[in-house]
Amino acid sequence: MLKVTPILCRPREMDNYAYLLTDEKENVSAVLDASEALPVIAECEKQNINPKFLLVTHHHFDHVEGNILLKQKYGAEIVGAKADENRIEGLDIGLEDGDSFFVGSAMAKIIAADGHTLGHILWYFPEEKMLFTGDTLFNLCIGGLFEGTQEQMWQTLQKIKQLPDDVLFYPGHEYTVYGLRNLQGEAGEKYKEKAIARLQQGRPVAPMTLGEEKQCNHYLKADTFDEFLRLF
Ligand SMILES: [Zn+2]
């Protein structure tokens, strides 16, 4: 069982989420996308945890800036895409599409996700039914195309669409509020209600299920590449 604690970083500026993951069976922890060191250290101290790994979805500074300090403090290894080995400072372990990586007993499958950047990866834990999407998929929207093409992002989203509906997904930023006004229909109303309730409690909207997202996120709802292109 993987315990997930979201850690809000850069609040009111970029609203990043770092995630503290703990495999409770073997008591091994990792931090995914350590945007900043201080809020991550505060949470680790609160939970009395020494993270063993620093997992990375992509090279952007707001997803890696805490890494070096955390690596020094905890002796943790930095794990990210091999394709980003020259852009992720201090990378210890480089992974490729289809590779597996274990956080204790919890196995992650690496899914290549070109689009937002080239070399972006998704961390998918099939047994735990959890997906960490970085800046590829957000609640009700997707990441900007900084390096990849629309075609590449489309292909990446098709991979996400093939994953089971009951998978919980955890994005790299809290951007839900921007998509709420575009929600339609019964599924949309339910999504909106749930999202607003969580935001009002000061909680992240994540996790939603991929099933909910497939019904409500226009970029996932697009059935053809042409339909997808009309959203830009
Ligand atoms: Zn990014």
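Details
- Among the numbered conditions (1) of a type in the set (A, V, I, L, M, F, W, C); (2) within 16 Å of the ligand (Cβ to nearest atom); (3) surrounded by fewer than 19 Cβ atoms within 10 Å (Cβ to Cβ), the only one that Leu55 does not meet is (3).
- Lone qualifier among Gly134, Gly115 - being in contact with a helix residue (DSSP H, G or I) (Cβ under 6 Å, 6 or more places away or on another chain) and within 11 Å of the ligand (Cβ to nearest atom): Gly115
- Filtered by the rule that a residue be assigned to a loop (DSSP other than H, G, I, E, B) and either of a type in the set (A, V, I, L, M) or crowded, with 20+ Cβ neighbours inside 10 Å (or both), the range 1-35 gives Met1, Met14, Asp33, Ala34, Ser35.
- Restricting Val103, Val79, Val64 to residues that are within 15 Å of the ligand (Cβ to nearest atom), among the β-branched types (Val, Ile, Thr) and modelled with pLDDT of 95 or more narrows the list to Val64.
- Breaking point among (1) crowded, with 18+ Cβ neighbours inside 10 Å; (2) under 15 Å from Gly115 (Cα atoms); (3) in contact (Cβ under 8 Å) with a residue 40 or more places away in the chain, for Gly148: (3)
- All of (1) touching a helix residue (DSSP H, G or I) at 6+ places or on another chain (Cβ under 8 Å); (2) away from the ligand (no atom under 15 Å from the Cβ) hold for Gln47 with one exception: (1).
- Every condition in (1) in contact (Cβ under 8 Å) with a residue 40 or more places away in the chain; (2) more than 22 Å from Phe102 (Cβ to Cβ) is met by Gln47 except one, and the failing one is (2).
- Looking only at residues in the range 179-232 that are among the β-branched types (Val, Ile, Thr) and surrounded by fewer than 17 Cβ atoms within 10 Å (Cβ to Cβ), the one that is nearest to the chain's Cα centre (by Cα) is Thr209.
- Answer residue from the range 142-162, given it is within 13 Å of the chain's Cα centre (by Cα) and within 15 Å of the ligand (Cβ to nearest atom) and is nearest to Asp223 (Cα to Cα) among those: Ile142
- Number of positions in the range 57-105 that are β-branched (Val, Ile, Thr), out of contact with any helix residue (DSSP H, G or I) (no Cβ under 9 Å at 6 or more places or on another chain) and not in a strand (DSSP E or B): 1
The values are calculated or read from the model by the stated rules, or taken from the named source; none is laboratory data. From a predicted model like this one, the values you see are computed outputs, not experimental measurements. Neighbour counts run over all protein chains shown; Cβ positions are idealised from the backbone, glycine included.
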